[in-house]
Amino acid sequence: MSKAKSTPMTPTAAARIQSGQAKVNGGKVAKGSFAARAQATAARNGK
C-alpha cells in the first residue's frame, strides 16, 4: 500500500467543515470535534 500525499489543512477548508457541522448541530461546534480540530490545525498551518 502506498502512502497518500498529505495536503495541509487550509483556513478555507476548515471553515467549510465547521460550517457544515454548525448547520447540523443548531449553530454549535463541540469542543474536540473534528471541525474544531480542523480549525486549530489550519491556524497552526498559518496559510
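The values are calculated or read from the model by the stated rules, or taken from the named source; none is laboratory data. Since this is a predicted model, take the numbers as computed values, not measurements. Neighbour counts are summed over all protein chains in view; Cβ atoms, including those assigned to glycine, are modelled from backbone coordinates with ideal geometry.
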Practice task
Would you check if there is a residue in the stretch 32-45 being more than 8 Å from the chain's Cα centre (by Cα) and part of a loop (DSSP other than H, G, I, E, B)?
Solution key: yes
Practice task
Collect the residues in the stretch 3-21 that are within 12 Å of the chain's Cα centre (by Cα) and of a type in the set (Gly, Ala, Ser), keeping them in residue-number order.
Solution key: Ala13, Ala14, Ala15, Ser19, Gly20
Fill in the blank from the handout: Result of the Cβ filter at 8 Å on the stretch 6-29, keeping first residues that are at pLDDT 90 or above and surrounded by 15 or more Cβ atoms within 10 Å (Cβ to Cβ) and partners that are of a type in the set (Lys, Arg) and not in a loop (DSSP other than H, G, I, E, B), at least 6 apart or interchain, is none
